[in-house]
Amino acid sequence: MIKIENENILLVEGKDDKRFFYAAIKFFNFTDIQVESYDGKDNFKNKIEVFTKKTPGWNKVSSLGIIRDANDNPKGAFQSVIDALKALDLPTPEEPMKVAPGIPKVSIMIVPAIDKQGELEDMCLESLINDPSLPCINQYFSCLNNSKIEIPIKEAKAKIQAFLASRKDPSKRLGEAAEAQYFNFDDEAFLHVKYFLRKLYL
């Protein structure tokens, strides 16, 4: 069972996301933020209920951040989180990146953005725009297309896998790659992550 050990809580979709955002938090020199996974978007409603009603230490939480992939419906993803929060009488922000005051204060971040479809890998791919491996990766996918080989539906996820395969240790998953500093958190693509964390927790 999860034990709350910090007054600042960040909930993310999966265990890989947990490692990724812990790496980002460390890079940005934020402290005292506990990251936990709700094990997928379909489990959020149940997990947040367990978290708020049955998890030791919930009464000391002062800030709650929630990160959710946009997938193919960013506004729907946001509304889904809002509905789950309302069902538990928790504060609900008017829109993503804004903080709803209360106990705890609450903010929601939709990845890559509220006006973009996609997920965490899309944001990571955006950060690689100047990476020398990206033209090679794009050329590889062009070759697949020209050879009439079906490209994965989640192209950003596939391109990130190709990027990871180009590193010295190609076996790392996304979270491990973030820990190994394969992604530059100073890149503009991650600015809203820094903004979200700073606004909610500082």
For a quick check of your reading of the model, give me the residue pairs whose first member lies in the range 76-90 and is closer than 16 Å to LYS105 by Cα, whose second is in a helix (DSSP H, G or I), with beta-carbon atoms closer than 6 Å and at least 6 apart or on different chains.
ALA84/PHE44; ALA84/LYS45; ALA84/ILE48; LEU88/THR52
Scanning the range 1-57 residue by residue, the ones that are farther than 25 Å from ALA180 by Cβ, of a type in the set (Asp, Glu) and modelled with pLDDT of 95 or more total 3
Residue hits (the range 184-202; under 15 Å from the mean Cα position of the chain (by Cα) and free of Cβ contacts under 8 Å to residues at least 60 places away in the same chain) are LEU191
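Could you please give the count of residues in the range 127-154 that are part of a loop (DSSP other than H, G, I, E, B) and either closer than 18 Å to PRO112 by Cβ or outside the structural domain of ARG167 (by TED's automatic domain parsing) (or both)?
The qualifying residues number 8.
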Quick check on my filter: what residues within the range 144-168 are more than 18 Å from PRO132 (Cβ to Cβ) and without any contact (Cβ under 8 Å) to a residue 12 or more places away in the chain?
LEU144, ASN145, ASN146, SER147, LYS148, ILE149, GLU150, ILE151, PRO152, ILE153
Give the number of residues within the range 78-109 that are among the small types (Gly, Ala, Ser) and buried (at least 21 other Cβ atoms within 10 Å of the Cβ).
1
Selection status of MET109, assigned by TED's automatic domain parsing to the domain that holds ASP42, assigned to a loop (DSSP other than H, G, I, E, B), in contact with a Lys or Arg (Cβ under 9 Å, 6 or more places away or on another chain) and among the hydrophobic types (A, V, I, L, M, F, W, C):
no
Tabulated pairs, the range 25-51, first in contact (Cβ under 8 Å) with a residue 24 or more places away in the chain and closer than 13 Å to ILE66 by Cα, second basic (Lys, Arg) and crowded, with 16+ Cβ neighbours inside 10 Å, C-beta under 8 angstrom, 6+ apart or interchain
VAL35/LYS18; GLU36/LYS18; SER37/LYS18; TYR38/LYS47; ASP39/LYS47; LYS41/ARG68; PHE44/ARG68
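The values are calculated or read from the model by the stated rules, or taken from the named source; none is laboratory data. All values derive from a computational prediction rather than experimental measurement. Here the Cβ is made from the backbone with ideal geometry for all residues, glycine too, and neighbour counts use every protein chain on show.
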